[in-house]
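First up is the structure itself, then whatever we jot down about it.
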Amino acid sequence: MFEHIFSFDPSSPLLFTQFYFWAFFALVYAGLALTGNRTHLRNAYLFFVSLFFYYKTSGLSILILLFVICSDFLIAHRIAANEGWRRKAWLILSVCIDLGLLCWFKYAYFLTDVIGNLLGTELKVVNVFGVIGNALAGTERFSVDRIVLPVGISFFIFQVISYSADVYRGDVKPLRNILDFGFYVSFFPQLVAGPIVRASEFLPQLQRKFCLSRRVFGLAVFWILNGLIKKIVLSDYIAVNFVDRVFGNPLLFTGFENLMALFAYSLQVYADFSGYTDIAIGVAMLMGFHLPQNFNSPYKASNPQDFWRRWHMSLSRWLRSYLYIPLGGNRNASFGTWFWIVLFALIAAILSDSWVVPTIFLVIAAALLILAQVRPQTRKSIVANTNRFVTMLLGGLWHGASWNFIIWGGLNGLGMVVYQVWKAMSAGNRLLLMLSVSALLGTLARLFPAPVWNLLAVWALAISLGTLVRYLYAKLGAGRREGGDKPWVSRAGYAWGVLQTFVFITFTRLFFRSGSNLDPASANAEAWACARNMVNQIGSRWQMDLIPDICINYWKVFALVAIGLIIHLLPVKWKRWYRVRFALLPLPVMLLITVATVFLVYQFITADLQAFIYFQF
């Protein structure tokens, strides 16, 4: 029994959705009570508890976490103790070590593929750490021909990079106690799937004494229950009973089923990731710590830029602070801007085995940056959009070493750039542009019949109709005569923007989902095949007579998707109201609701517990 408790089982990692986790948390909480108001003792206790949690989640990958903690703790002190170029050199060393580890574990197969295609050689990945481990152990205990991605490595690597950068900038002072720093890096509620907590947000909490008011306790319980419902009732049920089946073999399902699977996946990935965050926030609150908000009803966004201000907010802020702004932001195109543009063009050329696409990419980028120099009035917009696009490409690459993730990031970046350009255009030019795009795509669909042209033509036509309605409304002067748009007109325009954004984000997820949960060694080929097959099914002629039967067969899944989206779209003040009302309920009533919720959740648990989607990142 004790061997099972204290050993790592890769087939059964410690998850928030397991009873074992809540038994573990109960014991942790009891131990926390014994530390009282001795903050250093509390931090040390929670640090060792977090290490045990990570060991139960990722096994010997705990050694990587410990190495990162020691490395960045020591280097941060060297950064603070030096000035000038030495200070910057220590920061560069820290970033190189952290990103080197991340690249090794996350991008080894991707880089091997790129280098192999470039040099025409057959390269194989060798797990250097496995070789070292076998040499030290004197046995063949560790696999040397396969690299296993440590759970949550991207999150704690980004967290320690932000710490070193903030120390370099002078925003925070380096911690003197390595146990305090280890606790900050490894705090178990958010360790393996975020949110990414910046040092300036969390370090001040290290010295605060434990405090848990009656209202905060109620809110913590609410967030935990809310997260469990999202994860198990919505995400897991939708995935197991519909989404995974369709993505597993798109050609076995109709175009309608493929389309519905895409939209269902949008809700699934949101419920999964935000569900984890809700539980993490609730658990941290019970221990007296506050984690930052990571989601703000992202499917209420009316444009791609607004979406990324609402989705995975901690990552968006990290990318802005430590990537977008250092690239030059909206000020200038730096060396980094050109470096990443050229690098991504080179990768595109190697993986696609063609120089056409990357050449076009480089020519457009060069033309825009030259235009920014010769036309000062457009310089700020062009530079900002270029850096924004590069940032989203890198955001896509952060999610995984797959060509599909790069495409996904590029599409999101393109969506943000198009929105900026669209916002600056007049109503007449918008209409002219969309009519021209619709005509072009319609012509391509006729001359070169392909499902992808059909899909794009239908979407462009829908946007053109919406743009035409808006143009006619403005042209007739309805808004000016009444002193501005009527409230219902503004609401209709916002709803149209939300629908367009949701459809756009959903279709980019085609590449995101296709690249997920795959063996890195074969991810690119499998992901591209899945995405291509789904596009072909959705863009081909539908069998309309089968749709009623499909809706009947999957009515439970479709009903859950509808309910989930309706709750998601509720006004913020309504959600705040019922959240606070729950928090202020008498404890016996709260207990009854909690028991009933747990019983409901239990009815939806599948045979095999589903790991959180973002564990793989």
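The values are calculated or read from the model by the stated rules, or taken from the named source; none is laboratory data. This is a predicted model, so every value here is computed, not measured. Backbone-built Cβ (ideal geometry, glycine too); neighbour counts: all protein chains shown. What goes into the accessible areas is simple: the full protein's heavy atoms, side chains included, and nothing from ligands, DNA or RNA. Shrake-Rupley method; radii C 1.70, N 1.55, O 1.52, S 1.80 Å.
Going by the structure shown, is Leu123 at pLDDT 75 or above and either surrounded by fewer than 16 Cβ atoms within 10 Å (Cβ to Cβ) or in contact with a helix residue (DSSP H, G or I) (Cβ under 7 Å, 6 or more places away or on another chain) (or both)? Give the derivation first.
Working: at pLDDT 75 or above: no; either surrounded by fewer than 16 Cβ atoms within 10 Å (Cβ to Cβ) or in contact with a helix residue (DSSP H, G or I) (Cβ under 7 Å, 6 or more places away or on another chain) (or both): yes.
No.
Residue-by-condition table, conditions (1) within 16 Å of Leu323 (Cα to Cα); (2) among the hydrophobic types (A, V, I, L, M, F, W, C):
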{"residue": "Ile364", "(1), (2)": "no, yes"}
{"residue": "Arg388", "(1), (2)": "yes, no"}
{"residue": "Thr391", "(1), (2)": "yes, no"}
{"residue": "Trp398", "(1), (2)": "yes, yes"}
{"residue": "Ile406", "(1), (2)": "no, yes"}
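When segment 89-115 is examined, which residues are found to be among the polar types (S, T, N, Q) and closer than 19 Å to Leu74 by Cα? Break it down stepwise before answering.
Step one: list which residues in segment 89-115 are among the polar types (S, T, N, Q), which gives 94, 112.
Of everything in segment 89-115, just one residue is among the polar types (S, T, N, Q) and closer than 19 Å to Leu74 by Cα, namely Ser94.
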(request) Name every residue in segment 397-440 that is over 30 Å from Arg310 (Cβ atoms) and either loosely packed, with under 14 Cβ neighbours inside 10 Å or touching a residue at least 12 places away in the same chain (Cβ under 8 Å) (or both), in order of residue number. (result) Gly428, Leu435, Ser436
(message) Go through segment 440-491 and report how many residues are out of contact with any helix residue (DSSP H, G or I) (no Cβ under 6 Å at 6 or more places or on another chain), over 20 Å from Ser426 (Cβ atoms) and either modelled with pLDDT of 80 or more or aliphatic (A, V, I, L, M) (or both).
(response) 11
(request) Kindly indicate whether Lys231 is crowded, with 23+ Cβ neighbours inside 10 Å, charged (D, E, K, R) and out of contact with any Pro (no Cβ under 7 Å at 6 or more places or on another chain). (result) yes
(request) Filter segment 72-112 for residues that are aromatic (Phe, Trp, Tyr) and more than 30 Å from the chain's Cα centre (by Cα) and give the result. (result) Trp85
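When segment 237-274 is examined, which residues are found to be within 29 Å of Ala220 (Cα to Cα), in contact with a Ser or Thr (Cβ under 6 Å, 6 or more places away or on another chain) and either open to solvent by less than 20 Å² (accessible area, probe 1.4 Å) or among the basic types (Lys, Arg) (or both)? It would help to see each step written out before you state the result.
Of all residues in segment 237-274, those within 29 Å of Ala220 (Cα to Cα) come to 237-240, 264-274.
Okay, now just the ones that are also in contact with a Ser or Thr (Cβ under 6 Å, 6 or more places away or on another chain), so 240, 266, 268, 271-272.
Once the filter is applied, which keeps residues that are within 29 Å of Ala220 (Cα to Cα), in contact with a Ser or Thr (Cβ under 6 Å, 6 or more places away or on another chain) and either open to solvent by less than 20 Å² (accessible area, probe 1.4 Å) or among the basic types (Lys, Arg) (or both), segment 237-274 yields Ser266, Gln268, Ala271, Asp272.
Quick check on Tyr168: is it open to solvent by 10 Å² or more (accessible area, probe 1.4 Å) and of a type in the set (Ser, Thr, Tyr)?
Working: open to solvent by 10 Å² or more (accessible area, probe 1.4 Å): yes; of a type in the set (Ser, Thr, Tyr): yes.
Against the criterion (open to solvent by 10 Å² or more (accessible area, probe 1.4 Å) and of a type in the set (Ser, Thr, Tyr)), Tyr168 qualifies.
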(request) Note down all Cβ pairs under 9 Å where the first residue falls in segment 362-389 and is over 14 Å from Asn330 (Cα atoms) and acidic (Asp, Glu), the second is at pLDDT below 75 and open to solvent by 40 Å² or more (accessible area, probe 1.4 Å), and they're at least six residues apart or on different chains. (result) none
(request) Collect the residues in segment 27-53 that are open to solvent by 20 Å² or more (accessible area, probe 1.4 Å), of a type in the set (Gly, Ala, Ser) and assigned to a helix (DSSP H, G or I), keeping them in residue-number order. (result) Ala30, Ala33
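What number of residues within segment 309-368 are assigned to a loop (DSSP other than H, G, I, E, B) and at pLDDT 85 or above? Before the answer, list the steps.
From segment 309-368, those assigned to a loop (DSSP other than H, G, I, E, B) are 311-312, 328-334, 353-355; that's our starting set.
Imposing the further condition that a residue be at pLDDT 85 or above reduces the set to 311-312.
Of the residues in segment 309-368, 2 are assigned to a loop (DSSP other than H, G, I, E, B) and at pLDDT 85 or above.
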(request) Just name the residue that is nearest to Glu83 (Cα to Cα) out of those in segment 166-199 that are small (Gly, Ala, Ser) and modelled with pLDDT of 90 or more. (result) Gly182
(message) For segment 180-228, which positions are surrounded by fewer than 17 Cβ atoms within 10 Å (Cβ to Cβ), part of a loop (DSSP other than H, G, I, E, B) and small (Gly, Ala, Ser)?
(response) Ser213
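In this structure, does Ser94 turn out to be under 24 Å from Tyr322 (Cβ atoms), in contact (Cβ under 8 Å) with a residue 24 or more places away in the chain and hydroxyl-bearing (Ser, Thr, Tyr)?
Details: under 24 Å from Tyr322 (Cβ atoms): yes; in contact (Cβ under 8 Å) with a residue 24 or more places away in the chain: yes; hydroxyl-bearing (Ser, Thr, Tyr): yes.
Spelling it out, Ser94 is indeed under 24 Å from Tyr322 (Cβ atoms), in contact (Cβ under 8 Å) with a residue 24 or more places away in the chain and hydroxyl-bearing (Ser, Thr, Tyr).
Going through Leu570, Leu591, Leu585 one at a time, which residue ends up being assigned to a loop (DSSP other than H, G, I, E, B), among the hydrophobic types (A, V, I, L, M, F, W, C) and either open to solvent by 80 Å² or more (accessible area, probe 1.4 Å) or without any contact (Cβ under 8 Å) to a residue 60 or more places away in the chain (or both)?
Numbers: Leu591 fails: assigned to a loop (DSSP other than H, G, I, E, B); Leu585 fails: either open to solvent by 80 Å² or more (accessible area, probe 1.4 Å) or without any contact (Cβ under 8 Å) to a residue 60 or more places away in the chain (or both).
On inspection, the qualifying residue turns out to be Leu570.
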(request) Please state which of the following conditions Ser61 fails to meet, knowing it meets all the rest: (1) closer than 22 Å to Val148 by Cβ; (2) open to solvent by less than 50 Å² (accessible area, probe 1.4 Å); (3) modelled with pLDDT of 85 or more. (result) (3)
(message) Tell me yes or no: at least one residue of segment 156-176 is under 10 Å from Phe73 (Cβ atoms), part of a loop (DSSP other than H, G, I, E, B) and in contact (Cβ under 8 Å) with a residue 12 or more places away in the chain.
(response) yes
